[in-house]
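Quick one: the structure is below, questions incoming.
Just so it is clear, none of the values below were taken in a lab; they were calculated from the coordinates. Keep in mind it's a predicted model, so treat the numbers as computed, not measured. No Cβ is skipped: glycine too gets one built from the backbone with ideal geometry, and neighbour counts run over all protein chains shown.
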Amino acid sequence: MTDWKEHGIRIVRAGGLDPNTPQTPGMSRAAAITHARTGASKLWAGTIVVAPAVCSGAHHHGELETVLYIVRGYARFRWGEHMEYVAEAGPGDFIYVPPYVPHQEMNARPNEPVEAVVVRSGQDPIVVNIDSSPEPGNTDARKDPFHSRE
């Protein structure tokens with residue numbers, strides 16, 4: 001018989017996320033669901049925050065599939081070999097990032113952060129930061145030609 005008290009539902013409280021996870025310049029990640037914290041073996045979940053007017057560095061997550069759910073703010077995503085594709089997502093939108101896709105999260109809004117929930121298809125904390133930005137060194141999303149200036 002399974003001991004459901006020890007092997008059942010786990011709750012990770014809002015203030016209990018772990019910021020000790022691989023990071024990308026311009027954004028912060030915090031882990032909620034990991035093997036060490038909950039016993040999960042096939043997925044990882046946490047949060048990301050992109051501060052107002054900030055571009056994250058370009059990166060990918062190796063073999064992992066990633067899903068983001070935008071809770072607050074408006075995120076602009078660039079992806080591709082030279083970050084040549086762009087799309088925007090807002091509150092309530094889901095974003096799917098396939099394995100190995102180079103991408104960048106951006107926030108062109110000057111007053112509010114982008115806050116999102118992120119779920120990945122594995123436990124490995126794969127974050128491969130790459131140098132693939134149309135404007136190397138640009139960390140101000142308001143100066144990005146792909147962004148609205150709202």
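Counting Lys +1, Arg +1, Asp -1, Glu -1, what net charge surrounds residue 70 among other residues with beta carbon under 9 Å of its beta carbon? Provide the component values of the computation, followed by the final result.
Values: positive: 72; negative: 93, 115.
Here the count lands on -1.
Filter the trypsin sites (Lys or Arg not before Pro) in the stretch 5-97 to those in DSSP coil with at most 16 other Cβ atoms within 10 Å of their Cβ, and list the result.
Working: sites: 5, 10, 13, 29, 37, 42, 72, 76, 78; in loops: 10, 13, 42.
In loop regions of the stretch 5-97 (DSSP not H, G, I, E or B), the sparsely surrounded trypsin sites (Lys or Arg not before Pro) are 10, 13, 42.
In nm, what is the difference between 0.36 nm times the number of residues separating residue 9 and residue 65 and their Cα-Cα distance?
Values: separation 56, 0.36 × 56 = 20.16 nm, distance 2.38 nm.
Once the chain is fully extended between residue 9 and residue 65, it gains 17.8 nm.
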